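Just below is one structure, and these are the notes that go with it.
The values are calculated or read from the model by the stated rules, or taken from the named source; none is laboratory data. Owing to the predicted nature of the structure, the values given are computational and were not obtained by experimental measurement. Glycine also receives a Cβ, built like all others from the backbone with ideal geometry; neighbour counts cover every protein chain displayed.
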Amino acid sequence: MALLLAINIRWFGPGIAVLPHRFYYRYKHRLGMQLLFVDAQGDSHRLTLHEGTFVGTTTSGLGELMAFYRISNGGTIHAKYIGHNIFFVCIIDAQGQRVG
């Protein structure tokens, strides 16, 4: 089942972002520790998920994704959950422009 969600990139430390609470709480039992983010050009990035009770945070991979798309704090990852730990993504920078 595909689900549209937006992951706002909020800095809680170097390279750490939080999955939306409602999505995470509902689907955490289906998510593995390795998430694959794929864009329309076929570029992919693996992010490692730290599973908490109420929130899931990335613990590695976000820094590389941010550097690849040259975006900084204030950008947004618009993601569609495809299933099997795969997300189709569109990156929006802090100025609201689509990246990649």
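Every listed requirement among (1) without any contact (Cβ under 8 Å) to a residue 60 or more places away in the chain; (2) in a strand (DSSP E or B); (3) surrounded by fewer than 17 Cβ atoms within 10 Å (Cβ to Cβ); (4) among the aliphatic types (A, V, I, L, M) is met by Ile82 save one, (1). Take the conditions (1) farther than 22 Å from Met33 by Cα; (2) assigned to a strand (DSSP E or B); Phe87 misses just one of them, which is (1).
Can you tell me which residue within region 53-66, out of those that are in contact with a strand residue (DSSP E or B) (Cβ under 7 Å, 6 or more places away or on another chain) and of a type in the set (Ser, Thr, Tyr), is modelled with the highest pLDDT? In this case the residue turns out to be Ser60.
For region 1-52, filtered to residues that are polar (S, T, N, Q) and at pLDDT 80 or above, the residue that is surrounded by the fewest Cβ atoms within 10 Å (Cβ to Cβ) is Gln41. A single entry from Thr53, Thr59, Thr76 fulfils the requirement of being touching a His at 6+ places or on another chain (Cβ under 6 Å) and of a type in the set (S, T, N, Q): Thr59.
Going by what's in this entry, would Ile92 be described as touching a strand residue (DSSP E or B) at 6+ places or on another chain (Cβ under 9 Å) and more than 19 Å from His21 (Cβ to Cβ)? Criteria met by Ile92.
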